[in-house]
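Take a look at the structure below.
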Amino acid sequence: MQMTLRYYGKNFDTVTLQQIRQIPGVKSVITTLYDVPAGMTWTREKIRALKKEVEDAGLTIAGIESVNVHEEIKYGGKDRDRYIDNYITSLENLGKEDIHLVCYNFMPVFDWTRTELARLRPDGSTVLAYTQKAVDDLLPEKMFESIAGDMNGTVMPGWEPERLKKVKELFECYKGVTEEDLFANLKYFLEKIMPVCNEYDIKMAIHPDDPAWSVFGLPRIIINEENILRMMKMVDDPHNGVTFCSGSYGTNLNNDLPHMIRALKGRIHFAHVRNLKFNSPDDFEEAAHLSSDGSFDMYEIVKALYETGFDGPIRPDHGRMIWGEKAMPGYGLYDRALGAAYINGLWEAVEKGSQRK
Ligand code: DNO
């Protein structure tokens, strides 16, 4: 595996590349062109400038998170082919610049959803949290306002104000769109992009829906083992793979995370590792990465990745806000660095343990 950290670019991130470089074992970042809206083409010039910024700091780009998919592609709008063509051009340009991993998601309207961005934990840290009741009591168009005050002045991924201004219109576009339609639209998209992925060896890694169930009545499909295996089979190409995100699949306690990792052997191109603490099945908060701080057995998750031969980029995921840091919720430096160190330790222990048997 290749330990990485997510980086949003110098205009958006509170964490610097110089800081990232000092985290043991981190030689690469996962990054993006954060200011290119979904549906627009990524130019070679912009990709080159991003690469230069990262390489000048002594790091490399391990992959992109995300090249966002335009809503028309997801709901099957009349202009979807034009947006797919733009997506293909972006992939082609990434391939030409020697970038071979792209994380994306296929969630309608909202990306990941949390109802609190700064829930206080007993140790005084603050974390992202979700409670189903809060979603049930809220109008979707009020979602952004309800959390905006806790963003620490940052633009959070998936919560860009321009996108959220259109929430009401978007809900109209998804009227009548079923889970089956979403599967069909994803298949259509993947079939169109697979040739360019094969030509440039670009691994597509779909991110799970988070939480892994329908929110505000919108269809969501990347939620469990059955659906993700269906998706792998419907476009059976090794470039059609997944981002295994323990914190997203783990929102549904019916998902057996190590079992899913084993079932997806060979198709996990990227891993997000994070722990959650459940207070009830529909109320959870994000914990420290350490197993005993949350509800997951992180050792078993890392072991399953190791035993299935996972060799792609991995990153600690959302961290707690600790030590007085002010950063994008989930994306401060300190707790993610602790997470990286912990995952590195688990990996080394699993690796050495298995060689000694
Ligand atoms: C949240 C992230 C997601 C993820 C996208 C991938 O912190 O894990 O926003 O990057 O869903 O497209």
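The values are calculated or read from the model by the stated rules, or taken from the named source; none is laboratory data. Nothing here was measured: the structure is a model prediction, and the numbers come from that model. Counting neighbours? That spans all protein chains shown, and the Cβs are built from the backbone with ideal geometry, glycine included.
Results, tabulated for the structure shown:
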quantity: Criterion violated by residue 315 - all others in (1) surrounded by fewer than 21 Cβ atoms within 10 Å (Cβ to Cβ); (2) touching a residue at least 60 places away in the same chain (Cβ under 8 Å); (3) among the basic types (Lys, Arg) satisfied; calculated: (1)
quantity: Of all residues in the stretch 135-145 being out of contact with any Ser or Thr (no Cβ under 9 Å at 6 or more places or on another chain) and free of Cβ contacts under 8 Å to residues at least 60 places away in the same chain, the one that is surrounded by the most Cβ atoms within 10 Å (Cβ to Cβ); calculated: 144
quantity: Single match in 29, 15 (criterion: in a strand (DSSP E or B), hydrophobic (A, V, I, L, M, F, W, C) and within 16 Å of the ligand (Cβ to nearest atom)); calculated: 29
quantity: Residue match in the stretch 116-128 (condition: near the ligand (Cβ under 10 Å from one of its atoms), of a type outside the set (Val, Ile, Thr), within 21 Å of residue 252 (Cα to Cα) and out of contact with any Lys or Arg (no Cβ under 7 Å at 6 or more places or on another chain)); calculated: no
quantity: In the stretch 254-278, residue surrounded by the most Cβ atoms within 10 Å (Cβ to Cβ) [restricted to those that are touching a strand residue (DSSP E or B) at 6+ places or on another chain (Cβ under 7 Å) and more than 22 Å from residue 344 (Cβ to Cβ)]; calculated: 267
quantity: Residue in the stretch 148-162 that is within 16 Å of the ligand (Cβ to nearest atom), at pLDDT 95 or above and closer than 19 Å to residue 216 by Cβ present; calculated: no
quantity: Residue 242 vs. criteria within 16 Å of the ligand (Cβ to nearest atom) and more than 13 Å from residue 186 (Cβ to Cβ); calculated: no
quantity: Selection within the stretch 187-210 - part of a helix (DSSP H, G or I) and under 15 Å from residue 66 (Cβ atoms); calculated: 189, 193
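Results for (1) closer than 16 Å to residue 286 by Cα; (2) more than 15 Å from the ligand (Cβ to nearest atom); (3) at pLDDT below 95, shown as yes or no for each residue.
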{"residue": "305", "(1), (2), (3)": "no, yes, no"}
{"residue": "309", "(1), (2), (3)": "no, yes, no"}
{"residue": "313", "(1), (2), (3)": "no, no, no"}
{"residue": "317", "(1), (2), (3)": "yes, no, no"}
{"residue": "331", "(1), (2), (3)": "yes, no, no"}
{"residue": "335", "(1), (2), (3)": "yes, no, no"}
{"residue": "338", "(1), (2), (3)": "yes, yes, no"}
{"residue": "346", "(1), (2), (3)": "no, yes, no"}
{"residue": "352", "(1), (2), (3)": "no, yes, no"}
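Residue-wise test of (1) buried (at least 18 other Cβ atoms within 10 Å of the Cβ); (2) closer than 23 Å to residue 185 by Cα; (3) in contact with a strand residue (DSSP E or B) (Cβ under 6 Å, 6 or more places away or on another chain).
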| site | (1), (2), (3) |
| --- | --- |
| 123 | no, no, no |
| 133 | no, no, no |
| 147 | yes, no, yes |
| 172 | no, yes, no |
